[in-house]
Amino acid sequence: MTGLHARGSTRPKGTPAVPRSVTLIRSAALSDVAEYAYAATAPADARLVFLAGACPLDEKGATVAVGDHLGQAAQCVANLRTALAEAGATIEDVISTRVLVATTRQQDLGAVWRVVRDAFGDHDVPSTLMGVTVLGYADQLVEIEAVAAVLDE
């Protein structure tokens, strides 16, 4: 791959390698300003998991952290992790995300992005961050869509 290098999920030193289905791809020809890989691949035999947008709802369906972008982002990440687990996947199986933030302020986008980025750690998948006018639930400010690729054992 001329000009490209691939990197799978990173792991702490001394931890045995676990085969992962997602390979993150970077390009020396593209800026490294973005805090994510520009592309990702999964093998043809991976099972794809398409997740509906994770919303900032509690177990009773109420919107949490009303008026708080960061609190809602954290709840979205928690709900995303739960949905992934139900599908037999983890954050490290995610191949791409789309983060929607109901705001017109770039600083709100950046703040939400930091919460999401921190949750993904070294598994910095390709992502799109968008400011939108409104989201579907009352008082909702954040939603996170994702696609995962899982190698079933």
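The values are calculated or read from the model by the stated rules, or taken from the named source; none is laboratory data. These numbers were taken from a predicted model, which means no experiment stands behind them. Cβ placement follows ideal geometry from the backbone for every residue including glycine, while neighbour counts extend to all protein chains displayed. To get the accessible areas, we keep the full protein, side chains included, count just its heavy atoms, and leave off ligands, DNA and RNA. Shrake-Rupley method; radii C 1.70, N 1.55, O 1.52, S 1.80 Å.
Has segment 96-119 got any residue that is among the hydrophobic types (A, V, I, L, M, F, W, C), without any contact (Cβ under 8 Å) to a residue 24 or more places away in the chain and closer than 26 Å to Glu153 by Cβ?
Within segment 96-119, none of the residues are among the hydrophobic types (A, V, I, L, M, F, W, C), without any contact (Cβ under 8 Å) to a residue 24 or more places away in the chain and closer than 26 Å to Glu153 by Cβ.
Every residue, every condition in (1) within 23 Å of Ala39 (Cβ to Cβ); (2) more than 12 Å from the chain's Cα centre (by Cα); (3) among the acidic types (Asp, Glu); (4) open to solvent by 50 Å² or more (accessible area, probe 1.4 Å), yes or no:
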{"residue": "Ala85", "(1), (2), (3), (4)": "no, yes, no, yes"}
{"residue": "Ser96", "(1), (2), (3), (4)": "yes, no, no, no"}
{"residue": "Val99", "(1), (2), (3), (4)": "yes, no, no, no"}
{"residue": "Trp113", "(1), (2), (3), (4)": "yes, no, no, no"}
{"residue": "Asp139", "(1), (2), (3), (4)": "no, yes, yes, yes"}
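Within segment 2-18, is there a residue that is at pLDDT 80 or above and part of a loop (DSSP other than H, G, I, E, B)?
So far as segment 2-18 goes, no, none of its residues is at pLDDT 80 or above and part of a loop (DSSP other than H, G, I, E, B).
Any idea how many residues of segment 141-153 are small (Gly, Ala, Ser) and either surrounded by fewer than 24 Cβ atoms within 10 Å (Cβ to Cβ) or under 14 Å from Pro43 (Cβ atoms) (or both)?
2
What do you reckon, is Gly67 modelled with pLDDT of 95 or more and on the phi > 0 side of the Ramachandran plot?
Here the answer is yes, as Gly67 does meet what is asked.
Between a first residue in segment 125-145 that is free of Cβ contacts under 8 Å to residues at least 40 places away in the same chain and within 12 Å of Leu109 (Cα to Cα) and a second residue that is open to solvent by 60 Å² or more (accessible area, probe 1.4 Å) and not in a strand (DSSP E or B), which pairs have beta carbons less than 8 Å apart while being 6 or more apart in sequence or on different chains?
Matching pairs, first to second residue: Gly131/Thr104; Gly131/Arg105; Gly131/Gln106.
Quick check on this structure: which one of Ala44, Ala74, Ala87 is at pLDDT 95 or above and within 14 Å of Val150 (Cα to Cα)?
Exactly one residue qualifies, and that residue is Ala87.
Condition check ((1) assigned to a helix (DSSP H, G or I); (2) open to solvent by 70 Å² or more (accessible area, probe 1.4 Å)) across all residues:
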| position | (1), (2) |
| --- | --- |
| Ala40 | no, no |
| Ala44 | no, yes |
| Phe50 | no, yes |
| Lys60 | no, yes |
| Gly67 | no, no |
| Ala74 | yes, no |
| Asn79 | yes, no |
